[in-house]
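Remarks on the structure that follows.
The values are calculated or read from the model by the stated rules, or taken from the named source; none is laboratory data. On a predicted model such as this, the values are computed, not experimentally measured, just so you know. In this analysis, Cβ positions are derived from the backbone assuming ideal geometry, glycine residues included, and neighbour counts consider all displayed protein chains. In case anyone asks, the SASA skips ligands and DNA or RNA and just uses the protein heavy atoms, side chains included. Shrake-Rupley method; radii C 1.70, N 1.55, O 1.52, S 1.80 Å.
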Amino acid sequence: QSNVTIYGIVDTGFIKKSGQDVKMGENVSSRLGFRGVEDLGGGVKATFQLENWFEPATGQAKSLDDPDRTWDGAANVGLKSDTWGAVRLGRVNELTTETIRKFDPFYQYGVANMIYGTQRMLHIDNTIRYDSPNWSGFHFGATYSLGGNTDKDSAEGTPIYTAKEAGNGYDNDGYGIMLGYDNGPLALVGNWSRLADSKDSTVWNLGAAYRFGDAKVELVYQQTKDNGWAVGKERSWKSTDFLDWVGKNSTENWAGVDTLKEKQWLLGLEWKLGPGRLNASAQWMEVEANGGNVSDKDIYKYAVGYTYDLSKRTSLYGNLAYTDYEDEEVARVFGDVEDGTYGVQVGITHKF
Amino acid sequence: QSNVTIYGIVDTGFIKKSGQDVKMGENVSSRLGFRGVEDLGGGVKATFQLENWFEPATGQAKSLDDPDRTWDGAANVGLKSDTWGAVRLGRVNELTTETIRKFDPFYQYGVANMIYGTQRMLHIDNTIRYDSPNWSGFHFGATYSLGGNTDKDSAEGTPIYTAKEAGNGYDNDGYGIMLGYDNGPLALVGNWSRLADSKDSTVWNLGAAYRFGDAKVELVYQQTKDNGWAVGKERSWKSTDFLDWVGKNSTENWAGVDTLKEKQWLLGLEWKLGPGRLNASAQWMEVEANGGNVSDKDIYKYAVGYTYDLSKRTSLYGNLAYTDYEDEEVARVFGDVEDGTYGVQVGITHKF
Amino acid sequence: QSNVTIYGIVDTGFIKKSGQDVKMGENVSSRLGFRGVEDLGGGVKATFQLENWFEPATGQAKSLDDPDRTWDGAANVGLKSDTWGAVRLGRVNELTTETIRKFDPFYQYGVANMIYGTQRMLHIDNTIRYDSPNWSGFHFGATYSLGGNTDKDSAEGTPIYTAKEAGNGYDNDGYGIMLGYDNGPLALVGNWSRLADSKDSTVWNLGAAYRFGDAKVELVYQQTKDNGWAVGKERSWKSTDFLDWVGKNSTENWAGVDTLKEKQWLLGLEWKLGPGRLNASAQWMEVEANGGNVSDKDIYKYAVGYTYDLSKRTSLYGNLAYTDYEDEEVARVFGDVEDGTYGVQVGITHKF
């Protein structure tokens, strides 16, 4: 038993967004994990991690579209060394998302989050991931993910094969590379990545943070080129549900859109205030839709929140955000229903 | 790891009921759980609980109609105090069921259980639950559960929305309140509750128990008004399967039934005898079906069982029950197939 | 917490087989388990075991055709004694597979495995299993598994009922018996078994191993009579997918085949060499298809591999195998796509 550490988070509370009922939901992602480290000698260690994600409001698996995924949060094994870094194989965190979210005061959690690009993926399958050691604050990482089977014999009958037959050819392998620096008051990060089976969609971003006293100021730029697929699934903005909905509200031709390009800026502030932390952010995203008859859309979002620490492991929070979408259609692309969407949430986070 | 306690139960054995083959199945519900308590100071503690329920005979999730529900038994986080009690958020035990089953010698487990009302629900979602401290034996509790989304925009396309479109309007919030007393030889409880998304169905009950020496005598009355829905699902007695079956056996019009009213009495005895416990109960339930052409039905059930303790954590059991249903139709409402149904089971319960 | 031991394996790597892309996959089956033993006194103990199997490359449940099966690897409770052995109830290892695989140098894992008979089943449901104590190396075991419900009333509407209506009558109970000897340089095993709901299909086998110095030589004979069903499911060689595929490649009438008979020999070598173990095997299997118009097929397989131990708990491995199928059709019966299929894999196994 000494070989295994059990850890986790349970977070839930109440969320109210424009055009939706009050519902129970989380801020920080709830999880139960098992991990271990074995010393192999010579400065080398073996590692493993298994992480189940769930929704406390219902006890359900987090990824309802893939409930088979018991270990949605992580399932990997690897070797690590203080000298040459760490290698992991299996299901791991996606590097671009993992590192840029640290520059969002809300860590991409809850109603106040940094707007998710439509190619955002928290965890990725079939991946070998490398993380360098930390050299005076400088560090880098890389991932390589095997895409869908490109051999006709064995892929036959699968969704990927069907898409290929139709000439979509979206079954590319995935890549990611991260360069980071974090030393003294300054932190910087840059990422470039392409998800597997994404029709060669790409995401790149840059983040910078500067600490002075109890405050930290953050700046993020991220650019997403979304060709409508990611990890073998069509993106929701290309789905029949979305197009049905748009059809009811608009004469514009979203059905012909084949690519979304999203350019987003975020300015953030974290401030240690009293027994907790005040967070605030302002965002601007521009969405360009190509291939249809949709003009460019602007999105502005403003958020503020306070996290009150009852202890190191338990805290209460309240977050408030307002998102000004150019119209309801682009709101729907990002999971909201009204062009002016406010969101408010209160809840509790407990770590163990 | 000291933050987490692992606990659970594995129980299985053999069950034979009239009109069914011998099968392997449990008495006490099998589960694996993780829970923890953190002392926040000032007499306040943070708590969490995650509980997976399963069927040992197959290793399958307990709720096969909802296998996404990894943490079927519990998924919640909260705060508690010796002074003001405990508050939990998430998926919790339903108060009415949790408290009345303590007045059934068989704890509503296995073939000898107190007949389940058709609105019985062990655990409920999207709930905030309060439990008072214990004041010289007196205590109370309350739950509030958020129902299905009542906003047309966001509910569109869901089963709840469809039902609303048809004018069913069953998407109410849920409530529950419990008053209890347990001191010396006497224990009393009273509950009133309404499940979420149940078309305003209700359950209320009263339980009383008196201990003298090694024996305890228990009396329960429960009344269920079932409008055909609970937690967003149609009850099985309204299902096509049920109606198909009734159609083969009867000219009565069960298809038109829209409400069931169930009034049930249970008299129970628990007796510490030798290295274990002898349990016995006698029950009477009256079922009134409204809206169709079905007369009132009486159900009588008699049960006896013995649990032999190998240790505090492990026991063997044997239970025997006979249920005298008015006819096969009402037997089918309660999951049996013959109007005179006997049930016998033997097995082993291990707690850890 | 002292009542529960957490244990497991995480294994993944890269696999390349003829006619398929490189993919990420495991050798040793990855799992997370919880088990415990309670001393009841008098030399008797209570035991339980729960084991989740998963695929680290994706974090998914192992049995994707039955993702409800949270505890795919084991879910059982029992009693054991040094005097009279052990009894377990629930989901347990299938005895024939569990014991014969010890005579395959590759333990029926990965690309180099002993060819799986089409009635191979790792774990079985609804089973009572007995394992004798070890008397100077001699030991035996037996299992009895409850088959699908044979009562018409309760089975109605289920796949098993439908098959019975059609006169298939495959809903037999399952049995298994094992006799073993393991003392000094010699190990022997013999099994006979019939899976539940298999239309009375049978498997029997014999294994022998002899150790001298750092080497062990093994010999296995196994005979499978497969009537097209196992544990209530049609075997994949009878599936529409298989028949569709055969139809594209052959004029022979596989559709009429109702029984497969598989006779297989395996000669194995395990050799402790350096900081690890060299494994090698040679196999011959003859497949007779009855009821259609398919001639007997021969399969030859040769495999070699090396496992390098980084510690007692962590190792790296590389395995290489070549399978010479008589034709593509019989390759497809055993999950491959080319008549000459090579397989190569490298990876890491970590136990905890």
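Report, as an integer, the average count of C-beta atoms from other chains found within 10 Å of each Cβ along B:21-30. Display every interim value, and only then the final one.
Details: counts 11, 6, 5, 9, 1, 3, 0, 0, 0, 6.
The mean count of partner-chain Cβ atoms within 10 Å per residue comes to 4.
Considering Cα pairs under 8 angstrom that are at least six residues apart, work out the relative contact order of the stretch C:1-65 and quote it in whole percent.
Answer for the stretch C:1-65 is 29 percent.
Among B:Gly305, B:Ala46, B:Phe106, which residue has its Cα furthest toward the positive end of the charge dipole of the stretch B:5-351, with +1 on Lys/Arg Cβ and -1 on Asp/Glu Cβ?
B:Ala46
With a cut-off of at most 13 other beta carbons within 10 Å, and DSSP calling the residue loop, which trypsin sites (Lys or Arg not before Pro) in the stretch C:287-334 qualify? Please list them. Walk me through the numbers on the way to the answer.
Working: sites: C:Lys297, C:Lys301, C:Lys312, C:Arg313, C:Arg332; in loops: C:Lys312, C:Arg313.
Loop-located and lightly packed - C:Lys312.
Along Cα-to-Cβ, 7 Å out, sits the label point; list in nm, shortest first, how far the one on B:Leu273 is from those in the other copies.
6.9, 6.9
How much solvent-accessible surface does C:Phe352 expose, in Å² to the nearest 10, with a 1.4 Å probe and all protein chains in place?
Spelled out: C:Phe352, probe radius 1.4 Å, area about 20 Å².
Based only on the alpha carbon positions, what is the Kirkwood hydrodynamic radius of chain C, in angstrom? The partial results should precede the final answer.
Values: mean 1/r = 0.0461 Å⁻¹.
Evaluated on chain C, it is 21.7 Å.
Take the alpha-carbon centre of the stretch B:1-72, take the same for the stretch C:47-124, and report the distance between them in whole Å.
21
Would you mind estimating how fast the protein assembly as shown diffuses translationally, via Stokes-Einstein at 10 °C and 1.306 mPa s with the Kirkwood radius over Cα pairs, in µm²/s? Mind dumping the intermediate values first?
Details: Rh = 31.8 Å.
D, rounded to a whole number, is 50 µm²/s.
Near B:Lys272, which lysines are there with a Cα under 19 Å away, not counting those fewer than 8 places off in the same chain?
Straight-line reach from B:Lys272, under 19 Å: B:Lys102, B:Lys216, B:Lys312.
For B:Ala142, place a label point 7 Å from Cα along the Cα-to-Cβ direction in every copy; what are the distances to the other copies, in nm, shortest first?
6.1, 6.1
Per residue of the stretch C:201-211, what does 6.51 cos²θ - 1.76 cosθ + 1.60 with θ = phi - 60° give for ³J(HN,Hα)? Whole Hz please, x for Gly and Pro, Karplus curve as stated.
For the stretch C:201-211, the Karplus curve yields 5, 9, 9, 9, 7, 9, x, 9, 9, 9, 9 Hz.
Mind putting a number on the dipole of the protein assembly as shown about its Cα centre? Charges go on the C-beta only, +1 for Lys and Arg and -1 for Asp and Glu, and I need it in Debye to the nearest 20. The partial results should precede the final answer.
Working: 108 positive and 147 negative charges, 800 e Å.
The dipole of the protein assembly as shown has a size of about 3840 debye.
Assuming R0 = 30 Å, what is the FRET efficiency of C:Phe212 and C:Tyr300, from their Cβ-Cβ distance, to the nearest 0.05? Could the numbers behind the result be given before it?
Details: r = 27 Å, r/R0 = 0.89.
The pair C:Phe212/C:Tyr300 has a calculated efficiency of 0.65.
Starting from a label point 7 Å past Cα on the Cβ side, list the distances from C:Asp182 to the same position in the other copies, nm, shortest first.
4.8, 4.8
By its C-alpha gyration tensor, with a ≥ b ≥ c as the square roots of the eigenvalues, how is the stretch B:208-260 shaped: rounded for a/c under 1.5, else prolate for a/b larger than b/c, else oblate? Walk me through the numbers before you get to the answer.
Numbers: a/c = 3.63, a/b = 2.52, b/c = 1.44.
Cα axes put the stretch B:208-260 in the prolate bin.
Would you tell me the mean number of C-beta atoms belonging to other protein chains that fall within 10 Å of each C-beta in C:120-133, as a whole number?
On the way: counts 0, 0, 0, 2, 1, 7, 10, 3, 4, 0, 0, 0, 0, 0.
Mean shielding by partner chains, rounded to a whole number: 2.
Within 10 Å of each Cβ in C:137-147, how many Cβ atoms from other chains are there, averaged over the peptide?
On the way: counts 0, 0, 0, 0, 0, 0, 0, 0, 1, 6, 1.
Averaged over the peptide's residues, the number is 1.
Just the accessible area for A:Phe106, please: 1.4 Å probe, Å², rounded to the nearest 10?
Near enough 10 Å² of accessible area.
C:Ser132: accessible area at probe 1.4 Å, nearest 10 Å²?
The value for C:Ser132 is about 20 Å².
R0 = 25 Å: FRET efficiency of C:Lys248 with C:Ser63, Cβ-based, nearest 0.05?
Values: r = 28 Å, r/R0 = 1.13.
About 0.30, to the nearest 0.05.
Given charges of +1 on the Cβ of Lys and Arg and -1 on the Cβ of Asp and Glu, with all other atoms neutral, how large is the dipole of chain C about its Cα centre, in debye to the nearest 20?
Details: 36 positive and 49 negative charges, 269 e Å.
Here the size comes out at about 1280 debye.
About its Cα centre, what dipole magnitude does the stretch A:34-74 give when the only charges are +1 on Lys and Arg Cβ and -1 on Asp and Glu Cβ, stated in debye to the nearest 20? Could the numbers behind the result be given before it?
Working: 4 positive and 8 negative charges, 34 e Å.
Here the stretch A:34-74 has a charge dipole of around 160 debye.
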